[in-house]
Amino acid sequence: MRRLDDLSEALAEAGSDAARTQIAADALAASGVAPLADARVPGKSGRFVVGVDGRTLAGWIPGRGPLHKDSLIVVAASRDGVSDLALIEASRMLVASGAYTQIPARSVLVVLGDDVRAPLRLWNREAVLSVLRVGTAGPDSLAGRPVQALAPEANAATLAARLYEVLSLAATPSPSVYTR
């Protein structure tokens, strides 16, 4: 996948952590993930940087199913150059699939970095139905839900395809009227 190779190269060539953070934020925006609202700037569009570390990025994909869009699937990845790239690509595929279906029926919170709790504060804990983590580092439970971990792989494209499948299933109620 040329897109992942280009993004990986841009991140590797970035001269600072702030530049890498901006490149990842731009990639999230290009994938169709919406930034979270920034309460400090009312009326303006949101931003992706959240948490106290300044390295965690978060955005969301609004649910498209009228009965399920208020429920939330949380998916997080560490910024390790494979897991984060896979999550960005899986998010792009999920957003793109919404052009032809009602997927995702449930809203999806996308988190790149270690501070998963910071963006989760915007949602009611009862709205969280499932938590997915790409990689090995992270909590075993979040918002009262067990965390389903996907083992990292050396190839971001393969991991992205696997993550897209798992994420699609989690974001689609069963049985589903949202797919064709």
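The values are calculated or read from the model by the stated rules, or taken from the named source; none is laboratory data. Since the model is a prediction, treat every value here as computed from it, not as a measurement. Note that we place each Cβ from the backbone using ideal geometry, even for glycine, and neighbour counts take in every protein chain shown. Note: accessible area is taken over every heavy atom of the protein model, side chains too, but ligands, DNA and RNA are not part of it. Shrake-Rupley method; radii C 1.70, N 1.55, O 1.52, S 1.80 Å.
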About the Cα centre, charge dipole magnitude for the chain (Lys/Arg +1, Asp/Glu -1 at Cβ), debye: 680
Under the 7 Å Cα-to-Cβ spin-label approximation, Asp80 and Gln22 lie apart by a distance in nanometres of 2.8
If you count only protein heavy atoms with a 1.4 Å probe, what accessible area per residue comes out for the chain, rounded to a whole Å²? 50
Name the most mobile residue of Ala156, Ala143, Ala19, meaning the one with the largest mean-square fluctuation, in a Gaussian network model of the chain with Cα contacts below 10 Å. Ala19
Taking every DSSP beta bridge with both residues inside the chain, roughly what % is antiparallel (nearest 5)? 45
In segment 1-171, carbon and sulfur make up what percent of the accessible area (probe 1.4 Å)? 53
Can you work out ³J(HN,Hα) from phi for every residue in segment 74-84, in order, using Karplus 6.51 cos²θ - 1.76 cosθ + 1.60 and θ = phi - 60°, giving whole Hz and x for Gly and Pro? 9, 10, 10, 9, 6, 8, 10, x, 10, 4, 5
Here FRET efficiency (C-beta to C-beta, Tyr100 to Arg125, R₀ 30 Å, nearest 0.05) is 0.40
In terms of the Cα gyration tensor, with a ≥ b ≥ c the square roots of its eigenvalues, is segment 56-168 rounded because a/c is under 1.5, prolate because a/b exceeds b/c, or oblate? oblate
Dividing the helical contributions, -39500 (n - 2.57) per DSSP H run of n ≥ 4, by the residues of the chain yields a 222 nm value, nearest 500 deg cm²/dmol, of -10500 deg cm²/dmol
